[in-house]
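Heads up, the thing below is written out as structure tokens.
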Amino acid sequence: MHRFRNANTAYEYLHDRIIQEGVDFGDTKALFNVGFYMTDPRDNRITNRERKWSEVYAEAEWQWYLSGDPSTEKLGQIYGKIPKIWESMVDDYGEVNSNYGYQWKRDNQLDKVIEMLSANQETRQATISIYDGKEIDDYNYDTPCTYAIQFTILHGRLDMCVTMRSNDLWFGFCNDQYCFSRLQEMVSNELNIEPGVYYHFAHNMHLYNDKI
């Protein structure tokens with residue numbers, strides 16, 4: 001498993017590897033079963049000049065997750081407009097399944113995770129479920145890319161593991177890792193401990209052909 005200090009070094013390595021070793025898969029080049037970890041998840045800014053990543057937008061997406069409101073209208077209120085990437089994903093109610101904050105608030109998943117970790121630092125059950133095959137009929141417009149997020153207290157710090165079915169490196173990873181690392185930090189603060197390692201696993205990690 002590859003080790004990186006921060007998100008930008010992970011992004012640059014994976015970008016080059018997909019271009020060099022990725023296989024044609026649909027309208028992408030893809031790598032399969034990609035696992036790595038970042039030792040400083042709070043260093044979550046993508047500084048690669050070609051990518052031109054926007055921290056302003058990533059922060060707006062994080063605030064949208066914190067709201068727990070799955071409507072893209074809420075994101076538009078926070079960011080000032082609704083990004084086109086979300087427009088094709090809304091259902092008849094103007095909502096999406098991929099507001100991860102909406103997902104971790106369902107059935108109080110996040111609160112229960114914090115309670116578990118507070119009660120037992122060696123629990124193996126502190127997991128948030130997002131993609132759920134039993135709800136596949138609800139995924140006509142928007143299928144969540146993330147399976148689950150699991151937290152473990154190890155060596156007195158909070159480690160986190162994100163497991164994804166599909167991960168677009170250009171848009172998805174850059175913004176997702178920002179929000180997930182903010183979640184790791186938030187849960188760490190609730191537990192009064194430091195964030196540890198951020199593990200990331202994607203069954204399919206890819207670049208769309210127009211980004212190659």
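The values are calculated or read from the model by the stated rules, or taken from the named source; none is laboratory data. Because the structure is predicted, anything quoted here is derived from the model rather than measured. A quick note on method: Cβ atoms are made from the backbone with ideal geometry, for glycine too, and the neighbour counts reach across all protein chains shown. Quick note on the areas: whole protein, heavy atoms, side chains included, nothing else; ligands and nucleic acids left out. Shrake-Rupley method; radii C 1.70, N 1.55, O 1.52, S 1.80 Å.
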* In the list Y141, Y102, which residue meets the criterion of being of a type in the set (F, W, Y) and in contact (Cβ under 8 Å) with a residue 40 or more places away in the chain? -> Y141
* Asked: Does the range 200-212 contain at least one residue that is of a type in the set (S, T, N, Q) and crowded, with 16+ Cβ neighbours inside 10 Å?
  -> yes
* Is at least one residue of the range 122-134 assigned to a helix (DSSP H, G or I) and without any contact (Cβ under 8 Å) to a residue 12 or more places away in the chain? -> yes
* When residues of the range 38-88 are filtered for being hydroxyl-bearing (S, T, Y) and more than 26 Å from F4 (Cβ to Cβ), how many remain? -> 5
* May I ask you to list the residues in the range 173-196 that are open to solvent by 20 Å² or more (accessible area, probe 1.4 Å) and either assigned to a helix (DSSP H, G or I) or closer than 20 Å to R5 by Cα (or both)? => R182, E185, M186, N189, E190, L191, I193, E194
* **Condition met for K81 (at pLDDT 95 or above, surrounded by fewer than 17 Cβ atoms within 10 Å (Cβ to Cβ) and in a loop (DSSP other than H, G, I, E, B))** => yes
* Structure fact -> (1) more than 25 Å from G196 (Cβ to Cβ); (2) without any contact (Cβ under 8 Å) to a residue 24 or more places away in the chain; (3) within 19 Å of the chain's Cα centre (by Cα) all hold for D111 apart from (1)
* Asked: Name the pairs: first residue in the range 185-212 and modelled with pLDDT under 95, second residue surrounded by 15 or more Cβ atoms within 10 Å (Cβ to Cβ) and of a type in the set (A, V, I, L, M), Cβ to Cβ under 9 Å, at least 6 apart or on different chains?
  -> K211/L169; I212/I18
* **Residues that are open to solvent by less than 90 Å² (accessible area, probe 1.4 Å), outside any loop (DSSP other than H, G, I, E, B) and within 26 Å of Y57 (Cα to Cα), drawn from the range 86-110** => W86, E95, Y100, G101, Y102, Q103, W104, R106, Q109, L110
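Taking the criterion of being among the hydroxyl-bearing types (S, T, Y), touching a strand residue (DSSP E or B) at 6+ places or on another chain (Cβ under 6 Å), under 22 Å from G94 (Cα atoms) and not in a helix (DSSP H, G or I), would at least one residue in the range 158-170 satisfy it?
As a first pass, look at the range 158-170 and keep what is among the hydroxyl-bearing types (S, T, Y): 163, 166.
Now drop any that are not touching a strand residue (DSSP E or B) at 6+ places or on another chain (Cβ under 6 Å), which leaves 163, 166.
Checking which are under 22 Å from G94 (Cα atoms) leaves us with none.
Within the range 158-170, not a single residue is among the hydroxyl-bearing types (S, T, Y), touching a strand residue (DSSP E or B) at 6+ places or on another chain (Cβ under 6 Å), under 22 Å from G94 (Cα atoms) and not in a helix (DSSP H, G or I).
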* Asked: Within the range 115-132, is even one residue under 27 Å from H15 (Cα atoms), at pLDDT 95 or above and buried (at least 16 other Cβ atoms within 10 Å of the Cβ)?
  -> yes
* Just need a number here: residues in the range 13-63 that are more than 30 Å from I193 (Cβ to Cβ), open to solvent by 30 Å² or more (accessible area, probe 1.4 Å) and not in a strand (DSSP E or B). => 12
